[in-house]
Amino acid sequence: MSLFGTLRTPRNLVFGAGQRAALAGYAAALGRRALIVTDARLATDPDFLRLVQSVRVAGLEAGVFDGTIAELPIECIAAAVEAGKAMEADLVIGIGGGSCLDAAKVAALLLAHGGRIQDYYGEFKVPGPVLPLILMPTTSGTGSEVTPVAVVTDPDRAVKVGIASPHLICHTAICDPELTWSCPRGLTAVSGADALTHAIEAFTTIRRQITGTIVHDHVFLGKNVLSDQYALLAIGHIAASLKRACDKGSDTEARERMMLGATAAGLAFGTAGTAAAHAIQYPIGALTHTPHGAGVAVMMPYVMEFNRSHCEAELAEIGQAMGLDGTGRTVHQQAGDTIDAVEDLFASIGIPKTIADLGVVASQLPQIAEQAMGAARLIKNNPRPIDLDSMASLVAAAFSGDRASLRPSLTDRKAS
């Protein structure tokens, strides 16, 4: 197979402790009136207030919108857009967790192009560049600072919905791990688990038939040689530092490696995409109101087991990136070792074992399977084809905790 790779990235990506000080210089080069999008907790944080002041000292008008709400209901985005219109913003800065960054992306979209949020659901619906965007994460999780997607909650939809377009990729991402030092253990755990899931799904996505127009036909292109490098980089850093960062939030090396891993995972899935674990989390999250990172992490070992027959070599490579010693083990055995290692790592930081532990009840399983199949942009990325029956089996296994039920028999393996 000939080599193919694509990266969709910010124009500037700055990583490192203390690099938040670069914000004012980038802002001054992009606009004169900055709408700064954050949430109520961060709005009073001394570091945040210093950042706002630095933007003002650089000669910009800076208006703060602190009404971002977790899971991003569209009403709070509408309020951010009104704030931006009132000050005639020509630049949007998002500072915070994934919801703040996604809110900034959608606000920049609507301030540039108008209309309703619903007009842009799906892929390639954004008609052109949005307002200049600077994004600065304060958690090591979503990777939203480098991705082409924003996910919102629409009261008219049963599950969360995405807006996916290369135009949503920010102009400048500034990733300063010092901003994560105060992140509490629980948030560190679910954010980091989300990031590892991003990297694993990006590395094991479907490998599409390459055409001359593939970059225009899909926002998320599937597995490719460039996204693979970022996925493996992310897996190595996150596997080595996630539990350390959870157990000791003051471990600066672990915090640095977690943020680097989360950003690298964003670069990986921002091009390659994610798959079934994310598709299933959307209805689970809507039903149980559990954090997104917890939901995808619970699903990940089951999805890896389900997909194993279609990506054993990739799963073995993931294990190597995690530091597993595959000496004397077959690729099939190494793939199983990798799934076990991911399950064990998640258990060590408090991720539940089953979706029943998240609050799902048996009567909801058919609804979850059906709604997960509706996430076409995710389902089409899965390395193993999924229909409603196989999706139902996957969801049932994640409910009962029976990962073994997803393993093909020896006869099936020989036949394949």
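Descriptive notes on the structure:
- The set of residues in segment 346-377 that are touching a residue at least 12 places away in the same chain (Cβ under 8 Å), open to solvent by 20 Å² or more (accessible area, probe 1.4 Å), part of a helix (DSSP H, G or I) and among the hydrophobic types (A, V, I, L, M, F, W, C) comprises Ala362, Leu365, Met373.
- A search for C-beta distances below 6 Å between a residue of segment 12-26 that is in a helix (DSSP H, G or I) and any residue that is not aliphatic (A, V, I, L, M), counting only pairs 6+ apart in sequence or on different chains, returns Gln19/Asp176; Arg20/Asp176; Ala24/Ser54; Tyr26/Thr172.
- Residues that are charged (D, E, K, R) and either modelled with pLDDT of 95 or more or part of a loop (DSSP other than H, G, I, E, B) (or both), drawn from segment 213-227: Lys223
- Look at (1) open to solvent by less than 10 Å² (accessible area, probe 1.4 Å); (2) within 16 Å of the chain's Cα centre (by Cα); (3) of a type outside the set (Val, Ile, Thr) and you find that Ser241 fails only one, number (2).
- With respect to the stated conditions, Ala195 is assigned to a helix (DSSP H, G or I), crowded, with 22+ Cβ neighbours inside 10 Å and modelled with pLDDT of 95 or more.
- For segment 286-315, a residue qualifies if it is surrounded by fewer than 22 Cβ atoms within 10 Å (Cβ to Cβ) and among the small types (Gly, Ala, Ser), and the qualifying residues are Ala286, Ser309, Ala313.
- Per the listing Lys105, Lys85, Lys125, the residue uniquely at pLDDT 95 or above, basic (Lys, Arg), open to solvent by 20 Å² or more (accessible area, probe 1.4 Å) and in a helix (DSSP H, G or I) is Lys85.
- Residue in segment 378-393 that is surrounded by the most Cβ atoms within 10 Å (Cβ to Cβ), counting only those that are part of a loop (DSSP other than H, G, I, E, B) and within 19 Å of the chain's Cα centre (by Cα): Asn381
- Test: residue in segment 261-284 that is surrounded by fewer than 24 Cβ atoms within 10 Å (Cβ to Cβ) and in contact (Cβ under 8 Å) with a residue 40 or more places away in the chain: no
- Ala112 being at pLDDT 95 or above, of a type outside the set (Asp, Glu) and in a helix (DSSP H, G or I): yes
- Subset of segment 198-238 (residues that are under 20 Å from the mean Cα position of the chain (by Cα), open to solvent by less than 10 Å² (accessible area, probe 1.4 Å) and over 19 Å from Ala276 (Cα atoms)): Ala234, Ile238
- In this structure, Ile74 does satisfy being open to solvent by less than 40 Å² (accessible area, probe 1.4 Å), touching an Asp or Glu at 6+ places or on another chain (Cβ under 6 Å) and at negative phi.
- Any hit, segment 58-65, residues being assigned to a helix (DSSP H, G or I) and either among the aromatic types (Phe, Trp, Tyr) or open to solvent by less than 40 Å² (accessible area, probe 1.4 Å) (or both): no
- Out of Ser140, Ser182, one residue alone is open to solvent by 30 Å² or more (accessible area, probe 1.4 Å), outside any helix (DSSP H, G or I) and of a type in the set (Gly, Ala, Ser). It is Ser182.
- Applying the set (1) surrounded by 18 or more Cβ atoms within 10 Å (Cβ to Cβ); (2) in contact with a helix residue (DSSP H, G or I) (Cβ under 7 Å, 6 or more places away or on another chain); (3) in a helix (DSSP H, G or I); (4) not basic (Lys, Arg) to Ser405 leaves exactly one unmet item: (1).
The values are calculated or read from the model by the stated rules, or taken from the named source; none is laboratory data. Everything quoted here is computed from the prediction, not taken from an experiment. For neighbour counting, all protein chains shown are included, and Cβ atoms are generated from backbone atoms with ideal geometry for every residue, glycine included. These area figures cover heavy atoms from the full protein model, side chains too; ligands, DNA and RNA do not enter into them. Shrake-Rupley method; radii C 1.70, N 1.55, O 1.52, S 1.80 Å.
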